[in-house]
1. Take residue 225 and tell me if it is buried (at least 23 other Cβ atoms within 10 Å of the Cβ) and under 20 Å from residue 11 (Cα atoms).
2. Hey, any hits in the stretch 211-226 for a residue that's within 13 Å of the ligand (Cβ to nearest atom), modelled with pLDDT of 95 or more and in contact with a helix residue (DSSP H, G or I) (Cβ under 9 Å, 6 or more places away or on another chain)?
3. May I ask you to list the residues in the stretch 82-97 that are free of Cβ contacts under 8 Å to residues at least 40 places away in the same chain and under 20 Å from the mean Cα position of the chain (by Cα)?
4. Answer yes or no as to whether residue 77 is more than 10 Å from the ligand (Cβ to nearest atom), surrounded by fewer than 21 Cβ atoms within 10 Å (Cβ to Cβ) and assigned to a loop (DSSP other than H, G, I, E, B).
5. When the stretch 116-134 is examined, which residues are found to be part of a loop (DSSP other than H, G, I, E, B), at pLDDT 95 or above and buried (at least 17 other Cβ atoms within 10 Å of the Cβ)?
6. I'd like to verify a number: residues in the stretch 175-201 that are within 16 Å of the ligand (Cβ to nearest atom) and crowded, with 19+ Cβ neighbours inside 10 Å, how many?
7. Counting only residues that are in contact with a strand residue (DSSP E or B) (Cβ under 6 Å, 6 or more places away or on another chain) and closer than 19 Å to residue 251 by Cα, which one in the stretch 56-74 is farthest from the ligand (Cβ to nearest atom)?
8. When you go through 3, 32, 12, 46 one by one, which is the residue that is within 21 Å of residue 101 (Cβ to Cβ) and away from the ligand (no atom under 16 Å from the Cβ)?
Ligand code: 5RP
């Protein structure tokens, strides 16, 4: 292992230089993958824009029933026309999402803790690749805890999932977790996203931060940005706009959609930013106009 002392600070991110191995495929880092991987990734990332709107409703896997998700069977169908990808647990998907729905599926495959634990960083792979295949999942989502107690086991979970995913051409989505004690700095996100990408994840879900363009430039696969705690709608749209204009290929929002007073209108406004190049101000106007119609 390289000596940690005397490391030079990384700074040559060349944020204005496009990714050198994009090739003809619209998803970063996937040009040399096989047809099956590319098919799943194309279900997730719209080939016209290269971007995606993911709706995360997997909170129940450790939080139980949260505000806004009390009735998955009622909220999810309302949002189907507004989002590209449904990110949930197999229990929520099988029980509350109509199988005829054509949306891509990001299947949460790790679990192991609950809100009752102080340390949430110890998970296992709870859903195997055979069940992901049965559910026609377009990617398997694995929580990773870089810098936390559960780092080693989460990298083990990630690596096993990627090995299985490579066998059956199912992409892996590495989710960067941020514990209470962990810094939300670009230094942390550069470290965590890069480790997870180098392990072989095909998509990374992380948080927006300062110098986000550098986080994106240093990550050889697409980044989608997590929403985090509920913000006022205009602020959530600014977060979405900054993320997309600084290189994210999508948003994977939960609470900022389902805890909005107007979840459908909010998801549609996010969609305008992600797929139609709306600014945050234009998207907020669109949101305001939609709720007053
Ligand atoms: C947990 C997740 C969740 O899907 C995500 O946090 C939910 O989205 P939001 O924070 O926007 O409510 O990945 O790590």
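1. On the way: buried (at least 23 other Cβ atoms within 10 Å of the Cβ): yes; under 20 Å from residue 11 (Cα atoms): no.
Judged against the criteria, residue 225 is not a match.
2. Looking for residues that are within 13 Å of the ligand (Cβ to nearest atom), modelled with pLDDT of 95 or more and in contact with a helix residue (DSSP H, G or I) (Cβ under 9 Å, 6 or more places away or on another chain), one finds at least one in the stretch 211-226, hence yes.
3. Matches in the stretch 82-97: 86, 88, 89, 91, 92, 97.
4. The answer is no for residue 77.
5. Passing the criteria: 123, 127.
6. The total comes to 10.
7. Step one: filter the stretch 56-74 for residues in contact with a strand residue (DSSP E or B) (Cβ under 6 Å, 6 or more places away or on another chain), giving 56-58, 61.
Retained after the next criterion (residues that are closer than 19 Å to residue 251 by Cα): 56-58.
On the way: 56: 3, 57: 8, 58: 5 Å.
Only one residue tops the list, namely 57.
8. On inspection, the qualifying residue turns out to be 46.
The values are calculated or read from the model by the stated rules, or taken from the named source; none is laboratory data. These figures come from a predicted structure and were not determined experimentally. Note that each Cβ is placed from the backbone with ideal geometry, even for glycine, and that neighbours are counted across all protein chains shown.
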